[in-house]
Structure formats: structure tokens, C-alpha cells
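Worksheet: the structure to be examined is printed underneath.
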Amino acid sequence: MTLLHPWFLLLCPLAAASFLLHSRHGQACAWIEMVPADALSQTVGKVMKSLTALLLLCLILALSGPQGQSHQAQKVGKGAQSVFVIDRSVSMDHPFAGQAVNGRAAEIKSAAARRLITAFIDARPDDMMGVVGFTNSALYGMKITSNRDAIHAAINAATGPALNQTNIGAGITEAVTLFDKIQSTGSRAVILLSDGAGKLSPRVKYKITQQLVGKKLNLYWIVLREPDDISIFSKREYADDHLPEAIALDHFFKSLKIKYKAFEADNATALESALREIDAKEKNVIQYAVMLPGRDYGRDLIVISLCLGLLILLIKNIRIY
């Protein structure tokens with residue numbers, strides 16, 4: 001057992017106050033000797049003082065924060081180990097349609113991503129998730145963890161105010177390194193969320209290929225596009241030296257010997273649909289260790305104090321005539 005606030009134990013001598021203070025009833029009579037001796041009352045008085053001392057001692061111990069030892073437990077569920085790689089370029093602060101709807105500004109892409117990813121996380125309680133943002137470089141968000149509060153905080157940060165550039169290569173390579181720090185179990189996936197692409201150097205392509213293939217990671221790319229953007233599913237023919245960046249990146253991902261699927265979302269409903277499909281695909285048996293906190297004995301002591309207080313109140317109001 002450990003104490004979170006051990007300095008409260010310095011108040012323990014206060015528990016003896018009930019034995020040191022005299023009852024006001026003993027001072028209300030002009031001549032106490034005229035009252036016959038009452039052994040029962042004397043016994044009850046000592047019991048009351050003992051109960052009061054015990055109540056004070058329980059409260060002091062509760063304030064000291066006694067905690068049992070934390071322990072590790074194995075959790076088995078159905079889900080995946082995944083990392084969200086979220087674009088934080090300035091264009092993520094634009095509405096999907098790029099214009100007002102019914103006189104009101106449309107929901108911006110980063111806000112829709114935050115809302116829908118949060119719902120995705122809440123719907124998968126057994127998942128372990130990590131978060132990486134990227135602009136001109138990778139922005140570490142959160143390691144792969146089962147701590148939902150930490151994951152939500154990282155998502156909020158990764159969908160916050162944006163910067164100016166898009167370096168998808170840095171985001172993916174940073175995301176893959178997060179898998180090095182945990183034991184492999186169940187399905188493992190990288191979920192890339194961006195509204196554009198960027199050119200990857202041969203060195204970065206080689207690194208991504210080695211990492212994704214070597215770790216057998218699944219890859220999903222959700223492209224948040226605006227109406228004027230070129231679709232990655234376009235059937236139009238392009239010369240190799242004039243291939244749009246998004247289509248070139250899609251071709252590169254398809255060339256990897258991994259499970260890969262791309263989605264396009266030009267509104268929040270399409271984004272929700274893409275996340276729902278990923279949710280259906282990435283549900284395998286997953287097992288990992290979680291650290292469970294020790295028992296909070298402070299709560300037990302508070303309950304005991306409450307019971308003692310009620311008992312003292314009951315005894316104090318007993319009258320024998």
C-alpha cells in the first residue's frame with residue numbers, strides 16, 4: 001500500500017482531542033457531586049470518545065490517500081492496433097465544399113475529422129490507437145495506447161490550427177515507428193487522413209516500402225477532396241511526368257505488397273462512410289496488457305467515517321428518563 005499524501009498523517013494526534021476535551025454537560029451543574037454515580041453513562045461516555053477518535057483517525061487516513069498496489073492484467077477483445085496519420089495543412093481548415101451552405105459556413109474538414117474520428121474511437125473500446133500529425137514534418141501525437149482520454153486529447157491536438165505544408169512521407173514513417181514499441185497482436189493498420197498529397201523522394205519511398213511491408217501493416221487512405229480536386233479514381237490518361245500527385249501516391253501505395261484501400265470524401269457523410277468501412281474490416285481478436293490501478297482505500301475509510309458519524313449521532317440522541 002502507498003500513501004499519495006503522507007503528510008496528512010501529521011494530523012493523527014488530533015484523534016486524541018475527544019479524550020482531552022471535557023463535555024459541556026459536566027459544566028452545566030453547580031454541584032456535580034450531588035448527582036448519583038452512573039456507571040452506564042460513564043461507560044457510554046468512554047465509548048463515545050473512542051468512536052469520535054476513531055472517526056477522526058479514519059478521516060485523516062482517508063486524506064492521506066491510501067492506495068493498493070497497481071497490477072497488470074491481460075485484456076482480450078476484438079479490434080486492432082492502429083495509428084491515425086492526420087494532415088494538418090492549412091487547407092484542412094477549409095469547408096468540404098469550399099463555400100457557404102444555406103447562408104451558413106459549411107463544416108470545415110478538420111472539425112468533421114475530429115468529430116467523426118472521436119465517434120470511431122468511442123465505438124471501438126478494445127482498440128489500441130496512436131496519433132501522428134504532419135505538415136512540413138511529422139508531429140508526434142500519442143503512442144499506441146488503450147488510454148481513451150490520451151487518444152482523444154491527441155486527436156483534438158492533431159485537428160487543431162493548421163500550418164502550411166503537406167509532408168505525407170514524414171507522417172507515415174513516424175506512424176510506422178510507433179509499432180516498434182508494442183507487442184504485435186491482432187490486426188495492425190495505418191489510417192491516413194489528408195486533403196492532398198505530395199511528392200515522395202525515392203529514399204522516402206524505399207523507407208516506407210520497407211517499413212509497411214516488413215511489419216505487415218494495413219494501409220487506408222481517406223482523401224478529403226473539394227469539388228475541383230482531381231479524383232484519384234479518375235480514368236483519364238496522364239503522361240508519367242505529368243501525373244497528379246494524388247494519383248501518383250495512390251499508384252505507389254497500390255504497388256506495395258500490403259492490404260491497401262483508398263477512399264474519397266467530399267463531405268462529412270462520405271468521411272463517416274469510409275470510417276465505417278474501416279471499422280468493419282479491422283476487427284480481429286486482440287490481446288494486450290493493461291495496468292489496473294490499485295484499490296482506493298480512501299473511499300472505504302470515508303464510508304466507515306460516515307457510519308461512525310451516524311452511530312455517534314444515534315447514541316447522542318438516546319435519552320433515558
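The values are calculated or read from the model by the stated rules, or taken from the named source; none is laboratory data. Computed from a prediction, not measured in an experiment: that's the story for all the values here. When we count neighbours, we look across all protein chains shown, and the Cβ atoms used for this are built from the backbone with ideal geometry, even at glycine.
Answer with yes or no whether Leu40 is modelled with pLDDT of 70 or more and within 30 Å of Ser64 (Cα to Cα). For Leu40, the condition - modelled with pLDDT of 70 or more and within 30 Å of Ser64 (Cα to Cα) - is not met.
Among the residues of region 261-284 satisfying the criterion of being more than 20 Å from His94 (Cβ to Cβ) and small (Gly, Ala, Ser), which is surrounded by the most Cβ atoms within 10 Å (Cβ to Cβ)? If we take residues in region 261-284 being more than 20 Å from His94 (Cβ to Cβ) and small (Gly, Ala, Ser), then Ala262 is surrounded by the most Cβ atoms within 10 Å (Cβ to Cβ). Checked against (1) farther than 12 Å from Arg88 by Cβ; (2) outside any strand (DSSP E or B), Gly160 meets all criteria but (1). Residues of region 257-301 that are in contact with a helix residue (DSSP H, G or I) (Cβ under 6 Å, 6 or more places away or on another chain) and outside any helix (DSSP H, G or I): Lys257, Ile258, Tyr260, Ala262, Phe263, Ala265.
Could you tell me whether Ala262 is modelled with pLDDT of 90 or more and within 24 Å of Thr166 (Cβ to Cβ)?
Working: modelled with pLDDT of 90 or more: yes; within 24 Å of Thr166 (Cβ to Cβ): yes.
When the stated conditions are applied, Ala262 passes them.
Of the residues making up region 230-239, not a single one is surrounded by fewer than 20 Cβ atoms within 10 Å (Cβ to Cβ) and closer than 23 Å to Gly133 by Cα. Restricting Phe252, Phe233 to those that are out of contact with any Cys (no Cβ under 9 Å at 6 or more places or on another chain), of a type in the set (Phe, Trp, Tyr), modelled with pLDDT of 85 or more and more than 24 Å from Arg114 (Cβ to Cβ) reduces the list to Phe252. A Cβ distance below 8 Å, combined with a sequence gap of six or more or placement on separate chains, defines the contacts here; from region 196-210, residues that are more than 21 Å from His242 (Cα to Cα) and among the hydrophobic types (A, V, I, L, M, F, W, C) reach residues that are modelled with pLDDT under 85 and part of a loop (DSSP other than H, G, I, E, B) in the pairs Ile208/Leu200.
For every residue, the table says whether it meets (1) under 20 Å from Glu282 (Cβ atoms); (2) within 37 Å of the chain's Cα centre (by Cα).
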| site | (1), (2) |
| --- | --- |
| Tyr220 | yes, yes |
| Phe233 | no, yes |
| Arg236 | no, no |
| Leu243 | no, no |
